[in-house]
Amino acid sequence: MKVHYLELVSDDADQLCHWYERVHGAVFSEADPALGGARTMQLPDGTLIGIRRRLGETERSTVRPYIRVSDIAAALENATAAGGTVALGATTIEGHGECAIVVSEGIELGLWQAQEDELSRAEERYLADLAALPGSFKSRVTGWLGELAPSIALFAYGMFMDSQLFVIVGFLMSLYFQAWRMVNQWRGRRLFHGIYIKYLRAHEPPRGVDA
């Protein structure tokens, strides 16, 4: 279990930031609108600390840790199954990922699915789908058995019957099937890779923003 984001909500966020700067030598960023105007700093272990003002009269000052999860939907389901109450459903934070808040025994606990986790899962899907494309190792094993069977049979028959014609035809057929597979592999990988790159670019964090 790792804290991804530690949120400190205060009546005077600037004053609290100055206090941390004087006591701990912390250096906070400018306000990040995506995080409710929080000023942030990152610890050496990657944990992000954010200090912001209360967003309304009903919000109270608090310290709220957000635990990093790889699948926020599954984490919310597990939290509610264990008796927790959802105070904030999965919400997209531009440039940072998704967060949610659950309450258990009166204590608020945040969940955070970082943007790089979304990309990691997309990459896993990409690799899995890529493995199933024509020309991949998995498809080669099954494809060769089906595609080369006729040419292998002709080649073997020609060798058995001492017929050069069948040997040549079987050899040419095997070359044809291999050429077709290589072209199909190149086209499929090129198309799929292009789609994946577009996905990455669409979800790339803005420059200068820590995920």
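The values are calculated or read from the model by the stated rules, or taken from the named source; none is laboratory data. Remember, it's a predicted structure, so these values are computed and weren't measured experimentally. Cβ atoms come from the backbone with ideal geometry, glycine included; neighbour counts cover every protein chain shown. SASA here: full protein model, heavy atoms, side chains in, ligands and nucleic acids out. Shrake-Rupley method; radii C 1.70, N 1.55, O 1.52, S 1.80 Å.
Below are the figures for this structure:
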| item | result |
| --- | --- |
| Residue-by-residue Karplus 3J(HN,Hα) for region 5-22, coefficients 6.51, -1.76, 1.60, Hz, glycine and proline x | 9, 10, 9, 10, 9, 9, 5, 10, 5, 5, 5, 5, 4, 4, 4, 5, 5, 6 |
| Computed P(r) (all Cα pairs; region 1-103; 5 Å bins; percent) | 2, 11, 20, 25, 18, 13, 7, 3, 0 |
| FRET efficiency estimate (nearest 0.05) - Cβ-Cβ, Leu88 to Arg22, R0 45 angstrom | 0.85 |
| Residue-wise HN-Hα coupling along region 82-93, computed from phi with Karplus coefficients 6.51, -1.76, 1.60 (Hz; x: Gly, Pro) | 8, x, x, 10, 7, 8, 9, x, 4, 10, 6, 10 |
| Heavy-atom accessible area per residue - region 38-103, 1.4 Å, Å² | 53 |
| Where N is the number of residues in region 4-57, Cα Rg divided by 2.2 N^0.38 Å | 1.05 |
| Protein accessible area in region 1-43, 1.4 Å probe - carbon and sulfur % | 56 |
